[in-house]
Amino acid sequence: MPNIDTSTDTGAATMIPVLLVVEDEPLLRMLAMDVGEDAGFTVVAAANAAAAVAILEARTDIRVVFTDIDMPGSIDGLKLAACIRDRWPPIHIIVTSGHRKPADGDLPAGSMFFAKPYRQDRVIEAMRRMAA
C-alpha cells in the first residue's frame with residue numbers, strides 16, 4: 001500500500017520528495033501511487049484536475065505531478081500540465097494516456113509523456129531524475 005499523505009501541513013520540510021498522482025480510475029490511481037512509492041516518494045492523490053489544483057494551492061512540497069490526460073471535468077491532463085507550468089514552474093510533470101499521444105507542442109517544456117501501459121522502471125527512473 002502506498003505511503004499516502006493527504007495532509008496540508010507544509011510547515012515542516014521533508015527529505016522525501018512528494019509526488020501528486022492525478023488519475024480518475026481508482027485502480028490505475030493505486031497502481032501509479034505504488035509506482036511513486038517505489039520511486040521513493042511520499043504520494044498524494046487526486047481523482048481529477050480540480051482536486052489536483054486544490055492540493056497544489058494548499059501545499060508547497062510537491063516536486064512531481066503524474067497525470068493522466070483523459071479525466072472527467074472541464075480540465076484534462078494537458079490543460080492541467082499547462083496550468084502547473086504557468087502557476088508552479090518548478091514542479092516537474094509526467095503525462096500519461098492509454099488513448100492518445102500528445103501532439104508536438106501539447107506538453108509544457110520539460111514535461112515527459114508515457115503511453116499506457118507504461119514500463120514502471122522507466123517511469124520510476126524519470127520520477128527520480130525529476131526530483132533530483
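The values are calculated or read from the model by the stated rules, or taken from the named source; none is laboratory data. Bear in mind the structure is a predicted one, so any value in this text is a computation, not a measurement. Heads up, the Cβs are rebuilt from the backbone with ideal geometry, glycines too, and the neighbour counts pull from every protein chain shown.
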Taking V43, is it in contact (Cβ under 8 Å) with a residue 12 or more places away in the chain and farther than 19 Å from A132 by Cβ?
no
Within the bounds of the range 98-118, is there any residue that is over 21 Å from V53 (Cβ atoms) and outside any loop (DSSP other than H, G, I, E, B)?
yes
Could you give every pair whose Cβ atoms fall below 6 Å, whose first residue belongs to the range 59-72 and is assigned to a strand (DSSP E or B) and crowded, with 24+ Cβ neighbours inside 10 Å, and whose second residue is modelled with pLDDT of 95 or more and hydroxyl-bearing (S, T, Y), counting only separations of at least 6 or pairs across chains?
D68/T96
Close pairs from the range 76-89: first exposed (fewer than 14 other Cβ atoms within 10 Å of the Cβ), partner assigned to a helix (DSSP H, G or I), Cβ under 7 Å, at least 6 apart:
none
Can you name the residue in the range 35-58 that is charged (D, E, K, R) and either surrounded by fewer than 16 Cβ atoms within 10 Å (Cβ to Cβ) or modelled with pLDDT under 95 (or both) and is also nearest to D76 (Cα to Cα) among such residues?
E57
Residue that is surrounded by the fewest Cβ atoms within 10 Å (Cβ to Cβ) [pool: residues in the range 111-132 that are without any contact (Cβ under 8 Å) to a residue 24 or more places away in the chain and more than 21 Å from L28 (Cβ to Cβ)]:
A132
